1. Counting only residues that are out of contact with any strand residue (DSSP E or B) (no Cβ under 8 Å at 6 or more places or on another chain) and in contact (Cβ under 8 Å) with a residue 12 or more places away in the chain, which one in the stretch 14-44 is surrounded by the most Cβ atoms within 10 Å (Cβ to Cβ)?
2. Step by step: first the residues of the stretch 1-39, then only those that are of a type in the set (A, V, I, L, M, F, W, C), under 17 Å from Lys58 (Cα atoms) and in a loop (DSSP other than H, G, I, E, B), then the one that is modelled with the lowest pLDDT. Which residue is that?
3. Which residues, counting only those in the stretch 45-62, are assigned to a helix (DSSP H, G or I), over 19 Å from Glu83 (Cβ atoms) and not β-branched (Val, Ile, Thr)?
4. Does Ile42 qualify as being in contact with a helix residue (DSSP H, G or I) (Cβ under 9 Å, 6 or more places away or on another chain) and at pLDDT 90 or above?
5. With the requirement that a residue be among the small types (Gly, Ala, Ser), closer than 22 Å to Arg32 by Cβ and at pLDDT 80 or above, what does the stretch 56-95 give you?
Amino acid sequence: MAQFSIIPLEEAQRSVMPPRRATSEQSRQYLRQLEPEVAGRIELGSEDKPITERARLKSAARAEGVNLQIQRSGNTIVFWISEEGPTERAKPAARGKGGAGRGK
C-alpha cells in the first residue's frame, strides 16, 4: 500500500530537480545564510574533488551576486563573503603576427 506523508515544499521541489540543479540550489541556499561575521566550511570526503567543490561555490556566488573568499587546507574548504572582487589571474601573452613563432 502507498504511504502518504507531508514534507516541506522546498524538499518536494528539490527532489524532482535534475541532480546538477539540485546541487546548485543547495550551494546557493548555503550562501544565502552567510553574513559578514559568519563563514562556511566544507569537509571533503574521499570521493570529493576540491576543484569541483570550489567551482560550485564560485558558480553559486555569481548566481547570488556576491564575492567569496575561498581557502582550502587539506580536506577542508572555508569560504566567506568578501567586499573585494575576485582576483584576476594573469593571462599569458597572446601571440600576434609580430611575435616569436614558427617561421614561414
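The values are calculated or read from the model by the stated rules, or taken from the named source; none is laboratory data. Nothing here was measured: the structure is a model prediction, and the numbers come from that model. Here the Cβ positions follow ideal geometry from the backbone for every residue, glycine too, while neighbour counts run over all protein chains shown.
1. Ser27
2. Leu34
3. Matches in the stretch 45-62: Pro50, Glu53, Arg54, Ala55, Arg56, Ser59.
4. Taking the combined requirement at face value, the residue satisfies it.
5. Result: Ser59, Ala60, Ala61, Ala63, Gly65, Ser82.
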